[in-house]
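One structure is given below, encoded as structure tokens.
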């Protein structure tokens, strides 16, 4: 049945939702169970996300405990919160016992402290309970908060025959066996074991003789972003987690890392757009306002600053070269665009760990690139202004200003993300409104100074 479920091409349609709602309203439980049995738990979760609270809870209580646990983990966070509120501590504990320790800890962490204690007390499997409690002690942004306790480990002193017997027992509790880890008597990680080497080896061979001591691992306190970079770099499906004493504590699998990468991408996108908090479209107006307002305020301050600068030059320039002020939006826009482009490339490179070398080399490269782009753009602008106004000095002032503005904007857009990264501040915060506003101000200042110098006013 599992293979059939995985091979079904799922499509969420209005007719499908309507049918589920019809079966719920008419309490045709058997028919509903048979209908949902054909779908993967992730598809069922997608269906429940479209139902109201009562309907979602109705289906949850109808499903078998195995499926319910998986469905709950796939639900939208807000829906899951509402469903859990309507389940008893005993019911939640029963679902928790069906989950891997990492998923179980994640679900419990969403509950209030009082509720957490109540649910944990209802878990009958003492070993499972102890492992969950351990995972809850780690910060959610560390490897410890991401790892699962389920893994397959063997001791270096075991023989291949003894190892095979014990692996069968361990593997029952592990959804996917990505690797077999080798430990010493003190539970310290000393290597990994290939399934191929295990199968072809003689039954009396010691594990120490066929294990590979070259094993990648992460510390339990490592940041989740660092874990993602390691797994991405070495193309790993799973990675063991150890403490400072090298004791094997658990493992992190690729599905959890995909979630980390997705969350980080969403956070960086929001920061680049000038949103300072982790928010979603369905959040309240107050929460969305708090997230957006700081950077909008920065833009307002930047705009006021630009006004003050232009007001300072008004008396000297406005009377003789009104045309200069008509090009101010163009200069400001080019500065902002170039800055955002430069910073976006750097931020992306830092996220992928592709940015190497010194800051000076990076700045020199960006200056050369900005100069080339600026010269090409300024030539086009020069020809346009000269053809329009037949004023060589005016065309020269505007085009030279553009070159200077593009170069400065490129340098600022490159330097700020690198500077922030060196100080362990998320460089994504440098893109969007911050770069745009700062380069708008720099651009206007440079533009007006160069124009004043060339025009002699």
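Please treat every number below as a calculation from the coordinates, not as lab data. Predicted model only: the values in this text are computed from it and were never measured. Positions of Cβ are backbone-derived with ideal geometry, glycine not excepted, and every protein chain shown enters the neighbour counts.
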How much of the DSSP beta bridge set in the stretch 152-253 is antiparallel, as a percent to the nearest 5? 65 percent
At 7 Å along Cα-to-Cβ for each site, give me the label-to-label distance between residue 184 and residue 21 in nm. 6.4 nm
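Counting other C-beta atoms within 10 Å, which of 137, 101, 328 has the fewest, and how do the rest follow? Provide the component values of the computation, followed by the final result.
Numbers: 137 9, 101 23, 328 16.
Sorted ascending by nearby Cβ count, the order is 137, 328, 101.
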Arrange the peptides 140-146, 437-443 so that the one whose residues have, on average, the most other Cβ atoms within 10 Å appears first. 437-443, 140-146
With the contact rule set at Cα under 8 Å and sequence spacing of 6 or more, what percent relative contact order holds for the stretch 77-129? 42 percent
For the stretch 152-253, what's the relative contact order in percent, using C-alpha pairs closer than 8 Å and at least 6 residues apart? 26 percent
Please work out the C-alpha center-to-center distance from the stretch 380-429 to the stretch 8-24 and express it in whole Å. 54 Å
Residues 132, 376, 167 in order from fewest to most other beta-carbon atoms within 10 Å are 376, 167, 132
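Cβ neighbours within 10 Å, averaged per peptide: list 149-160, 33-44 in order, most packed at the top.
Values: 149-160: 18.8, 33-44: 16.8.
Peptide ranking by packing, descending: 149-160, 33-44.
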Note on the stretch 2-141: contact order normalised by length, alpha-carbon pairs under 8 Å, 6 or more apart, percent, works out to 18 percent
Exposure proxy ranking, count of Cβ atoms within 10 Å, fewest first, for 362, 423, 165, 251: 423, 165, 362, 251
If I model a spin label at residue 365 and residue 196 as a point 7 Å from the Cα along the Cα→Cβ vector, what separation in nanometres do I get? 3.7 nm
Ranked highest first by average number of other Cβ atoms within 10 Å, how do 228-241, 335-348, 19-32 line up? 335-348, 228-241, 19-32
Inter-site label distance for residue 130 and residue 234 at 7 Å from Cα along Cβ, in nm: 2.9 nm
